[in-house]
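Have a look at the structure below, then the notes.
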Amino acid sequence: MGQLVIEGEAIERLSLAKTIRHEGGFESVEPLVLQQPARSVSLPAGEFLFKGVVLKGGYVCGVEYHLSAAGVLLRGQERLKITAAEPCLLRIGAPLGPDLHAYRHGRMIVLEYQVLDAGGAATLRQDGSHRRR
């Protein structure tokens, strides 16, 4: 067994999938959903795919951000390793913070705004209210 340490708050649901390797070189996954997980969760050792998280208030973020077993934020990868040797740190959830970028497009100034979670991942509202109006 290993430990997944969650550094973040307001997590309603954390979705993972345990990777199972079979003879012949193919893999399958077994879904694992944690409802309101504690700050430290015991998980069987192995590789997991980070599928996403739902935060209180309806914010969600997906698979583009997760942490390696060493606790380093990786982008564009979906796997995290749980080992008995040391805990895996996952920075996700609240506090949420703003991220604003401004640039010129011809005669206009364009503002791009998004909400970031504790690990720097972009979050979206489940109800779609993050979209332009």
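Numbers for the structure displayed
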quantity	calculated
Scope the range 93-114; condition among the β-branched types (Val, Ile, Thr) and out of contact with any Phe, Trp or Tyr (no Cβ under 7 Å at 6 or more places or on another chain); matching residues	Ile109
Where a residue in the range 99-114 is under 18 Å from Tyr59 (Cβ atoms) and its partner, wherever it lies, is surrounded by 10 or more Cβ atoms within 10 Å (Cβ to Cβ) and modelled with pLDDT of 90 or more, with Cβ under 9 Å and at least six apart	Glu112/Asp99; Tyr113/Asp99; Gln114/Asp99
Single unsatisfied condition, Met1 versus (1) more than 17 Å from Lys81 (Cβ to Cβ); (2) in contact (Cβ under 8 Å) with a residue 12 or more places away in the chain; (3) not hydroxyl-bearing (Ser, Thr, Tyr)	(1)
Odd one out for Arg132, checked against (1) modelled with pLDDT under 90; (2) within 19 Å of Leu4 (Cβ to Cβ); (3) loosely packed, with under 15 Cβ neighbours inside 10 Å; (4) not polar (S, T, N, Q)	(2)
Identity of the residue in the range 17-31, crowded, with 16+ Cβ neighbours inside 10 Å and free of Cβ contacts under 8 Å to residues at least 40 places away in the same chain, that ends up nearest to Leu116 (Cα to Cα)	Ala17
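The values are calculated or read from the model by the stated rules, or taken from the named source; none is laboratory data. This structure is a prediction, so every number in the text was calculated from the model and none was measured. We place every Cβ from the backbone using ideal geometry, glycine too, and count neighbours over all the protein chains shown.
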